[in-house]
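Let me begin by presenting the structure, written as structure tokens, before commenting on it.
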Amino acid sequence: MPHQATAFSPASVGNVAVGFDLLGHTLRGPGDTATVRRIDEPRVRIAAIRGTDAALPLDAEHNTAGCALIALREALALPCGFEIEIDKGIALGSGMGGSAASSVAALVAANALLDTPLTRAELYGFAVDGEAVASGGRHGDNVGPMLLGGLTLATATQLVSIRVPDDWHCVLVHPEQVLETRHAREALRGAYELKDFVAQNANLALTLTGCLRGDAALVRAGLADVLVEPRRASLIPGFAAVKRAALDAGAMGSSISGAGPSVFAWFETRDAAQAALMPMRAAFDAIGVASEGWVSPINGPRAEVL
């Protein structure tokens, strides 16, 4: 068996507007890389974290990648341990699944070192264990699609891959702002109206049905967040203008990616998505906020060993 493996995990769009903590898809382009080595000591240690100026924890129990591999070791009663090096390619607090990507990349790399590798579905619970360290909650809308690729419904115990037409593309614009997941979740405290839950459930049903049928009209009718977006929008300067730019460019829908501050939009073709990228970035520029952006198939890649 190999002594060392390196894996790359792509970034992701969490929630996808209507599937809070349940629905996500990957992005082609940015991502995190993890190199994992088997060691004789029965422990997990973080050797290095590169690609960020932030002081991320080197203590494995408080690191997303470290926690995921600790859970893996304990569940499988492995006699060996792991040493991890992480190269961050996803900005922290960006709403692009950075903490999840480190967890998944480390797991996929470590899995390649096992005598009997696990399936992606079997890795899911360990990935959620890692993600929970950063977000404070057990949800799979980021780690699920990173494990399977593309659009994924991630419940507490199940991963369901949802194929959409290959022509459908996403634009994601990341402003130079930081919005920590825990802070963004605080904005969701308080009571909600029952009618809003009914409306959100209807929108989720329309969106999933539209995806499965390849029916853009159904997605257009459903891809709108009436629960979370109204409470988080004020945390993202320029959000309303960026969303308006996307809809004016023909988006099927647009909302906050994950906890924010990144903004995503879905389009029926790559050309339409590419044409919307600059107007969306220009909306941030108009308030003096620099940004970067990507155009990716919604059927994005999954984490893989390099």
Seminar exercise, completed: Quick shape check on region 163-297: root eigenvalues a ≥ b ≥ c of the Cα gyration tensor, a/c under 1.5 is rounded, otherwise prolate if a/b tops b/c, else oblate, and it reads oblate
Seminar exercise, completed: Measuring from the longest principal axis of the C-alpha atoms of the chain, the long axis of helix 98-111 (C-alpha) lies at a number of degrees, nearest 10, equal to 40 degrees
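Exposure proxy check: PHE264, PHE126, PHE8, PHE197 ranked by fewest other beta carbons within 10 Å?
On the way: PHE264 33, PHE126 27, PHE8 21, PHE197 12.
Final ranking by Cβ density, sparse to dense: PHE197, PHE8, PHE126, PHE264.
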Problem set entry | Dipole-positive endmost among LEU113, GLY29, PRO145 within region 4-161 (Cβ charges, Cα centre) | GLY29
Problem set entry | region 4-161 - convex hull of alpha carbons, volume per residue in Å³ | 95 Å³
For this session: Would you mind calculating the relative contact order of region 4-161 from Cα pairs under 8 angstrom and at least 6 residues apart, reporting the percent as a whole number?
Result: 31 percent
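Based on Cβ point charges of +1 for Lys and Arg and -1 for Asp and Glu, what charge dipole magnitude is obtained for region 163-297 about its Cα centre, in debye rounded to the nearest 20? Don't skip to the answer; put the middle values down first.
Numbers: 13 positive and 15 negative charges, 65 e Å.
Dipole size: approximately 320 debye.
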Exercise. Rounded to the nearest 500, what is the chain's calculated 222 nm mean residue ellipticity when only DSSP H runs of at least 4 contribute -39500 (n - 2.57) each, over all residues?
Worked result: -11000 deg cm²/dmol
For this session: Rank these for me by crowding, SER291, SER262, going from fewest to most other beta carbons within 10 Å.
Result: SER291, SER262
Exercise. Among PRO175, ALA134, ALA245, whose Cα lies farthest out toward the positive end of the dipole of the chain, if unit charges sit on the beta carbon of Lys, Arg (+1) and Asp, Glu (-1)?
Worked result: ALA245
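Could you work out the mean projected area of the convex hull around the alpha carbons of the chain, in square nanometres to one decimal?
On the way: hull surface 59.0 nm².
The orientation-averaged projected area of the Cα hull of the chain comes to 14.7 nm².
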For this session: May I ask you to order 31-44, 131-144 by the average number of other C-beta atoms within 10 Å around their residues, highest value first?
Result: 131-144, 31-44
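We did not get these values from a lab; they are worked out from the coordinates using the rules stated. Quick caveat, the model's predicted, so the values are computed rather than measured. Cβ sites come from the backbone with ideal geometry, for glycine too, and all protein chains shown count toward neighbours.
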